Amino acid sequence: MVIQKIKKVFETIRQRKEQEKLEKEKLESFRENEEMQKAELIKKEADRLAHLKQYKTAIDEYNKALEIYPAEESNTFKKAAEFLFKIYFNIAASYSFLGKFDAAINYFDKALLIENVDDENKVKALMSKGNCYYNIDQLLKRSFDGEIYHMAQSEINSDEKAANSFKKMGEKKNLLNLAHECFVKSAELERHNPEAWYKKGHMEFLLGMVKEAMLSFDNVMVIDKDYENIDAVELFDDIKREKGIKVKYSKVYESEVKFKTKTGHLVRNKAEKTIADFMFESNLLFQYNMAVTWADNDDFRTAFFIPKLELYIEHFEFEHIKDYQKMMKWKIKQYEKSKKKLIYTTSQDEKNMEEALKIKIKPYIVL
């Protein structure tokens with residue numbers, strides 16, 4: 001009898017505790033829903049402001065939503081984690097549109113620290129963070145003179161202190177390396193994401209990792225052979241042509257070039273600048289980046305064409321890399337098949353480009 005009473009007491013205590021636990025869970029669930037609803041309403045208004053390009057006001061609204069729904073909840077509830085990720089991501093994106101890449105990177109990092117989010121969201125944040133590093137690098141390098149350099153600084157951020165911090169960041173650790181790290185992680189998380197491989201390959205090309213870049217671009221074409229060359233990477237188009245894939249020429253090439261010649265042309269690298277300046281000094285009129293109809297591909301373009309001599313000039317930067325040699329041979333064969341006169345230079349000629357050009361062009365003209 002006594003034992004039964006004791007059991008009944010313990011059972012009552014157990015039931016009471018279970019009831020208290022259920023009530024606490026219900027209360028937490030109610031508070032979560034209530035807070036979530038308030039924060040969602042504010043977020044929707046912030047999203048609308050961002051869509052209307054009112055980024056500063058949107059950021060203020062996103063921060064109000066964060067105050068209502070604190071980040072500590074994200075590690076407990078899946079729904080909260082996704083909600084908070086979107087807020088941090090949207091704040092970062094808004095700062096990015098404002099050119100405040102330092103703040104953008106900071107908020108992309110906050111988004112990436114949130115647990116319980118899908119790989120797809122992590123990739124979005126990593127890709128955007130990588131783009132920020134790349135944009136900073138390009139803006140800092142975009143100049144031909146000091147005046148344009150200062151203009152580039154102002155585009156990054158009106159705060160000169162922030163611009164200087166980017167410069168120091170680039171001196172301490174290559175900004176392209178930082179971007180590359182983001183795109184590598186993205187490709188690892190989503191191996192069937194063509195944009196991740198493309199961005200990875202672009203950074204590798206800029207870093208001089210040409211063999212790695214070619215492998216990354218090959219992966220892009222395996223996933224999507226029609227993937228658009230959004231950053232106008234010449235190597236990417238060359239590989240597509242070599243594989244017999246039609247290339248859509250983009251005017252982005254004209255805005256991405258970085259070296260101004262004596263004739264006023266904007267060319268892609270120092271070697272092409274030297275070639276153009278050599279022809280100017282030799283009184284040879286030329287056309288640059290010209291489309292031709294005689295090649296196997298309608299979109300085939302030549303680096304230089306001298307109408308007076310009916311002579312084409314190409315420069316191959318990476319002839320020492322085995323994978324690049326295949327593409328180089330394919331391009332040279334296009335000239336041979338159409339019986340076009342061609343001379344070309346390689347990285348070996350860059351040590352004394354003018355002398356190399358004099359020797360190669362000698363059979364066609366007396367300088």
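Checked against the criterion of being exposed (fewer than 15 other Cβ atoms within 10 Å of the Cβ) and in contact (Cβ under 8 Å) with a residue 60 or more places away in the chain, the candidates LYS225, LYS199, LYS211 yield just one match: LYS211. When the stretch 261-277 is filtered for residues that are in contact with a strand residue (DSSP E or B) (Cβ under 9 Å, 6 or more places away or on another chain), modelled with pLDDT of 85 or more and basic (Lys, Arg), the ones remaining, listed by number, are LYS270, LYS273. The set of residues from the stretch 226-244 being at pLDDT below 85 and more than 19 Å from PHE316 (Cβ to Cβ) comprises just one member, GLY244.
Tallying residues that are assigned to a helix (DSSP H, G or I), in contact (Cβ under 8 Å) with a residue 12 or more places away in the chain and not charged (D, E, K, R) within the stretch 330-359 yields 8.
Hey, among the residues in the stretch 278-316 that are among the aliphatic types (A, V, I, L, M), at pLDDT below 90 and outside any strand (DSSP E or B), which one's nearest to LYS337 (Cα to Cα)?
First, pick out the residues of the stretch 278-316 that are among the aliphatic types (A, V, I, L, M): 279, 284-285, 290-292, 295, 303, 306, 309, 311, 313.
Restricting the remaining residues to those that are at pLDDT below 90 gives 290-292, 295.
Adding the requirement that they be outside any strand (DSSP E or B) leaves 292, 295.
Working: VAL292: 14, ALA295: 8 Å.
Out of the qualifying residues, it is ALA295.
Within the stretch 111-126, one or more residues are farther than 28 Å from LEU52 by Cα, at pLDDT 70 or above, part of a helix (DSSP H, G or I) and more than 16 Å from the chain's Cα centre (by Cα). State whether the residues of the stretch 276-289 include one that is acidic (Asp, Glu) and either touching a residue at least 60 places away in the same chain (Cβ under 8 Å) or within 28 Å of LYS358 (Cα to Cα) (or both). Yes - at least one qualifying residue is present in the stretch 276-289. Filtered by the rule that a residue be modelled with pLDDT of 90 or more and among the charged types (D, E, K, R), the stretch 67-99 gives a lone residue, LYS86.
For the stretch 277-310, which residues satisfy the criterion of being surrounded by 14 or more Cβ atoms within 10 Å (Cβ to Cβ) and on the phi > 0 side of the Ramachandran plot? Result: ASN289, single match.
The values are calculated or read from the model by the stated rules, or taken from the named source; none is laboratory data. Keep in mind it's a predicted model, so treat the numbers as computed, not measured. Cβ atoms come from the backbone with ideal geometry, glycine included; neighbour counts cover every protein chain shown.
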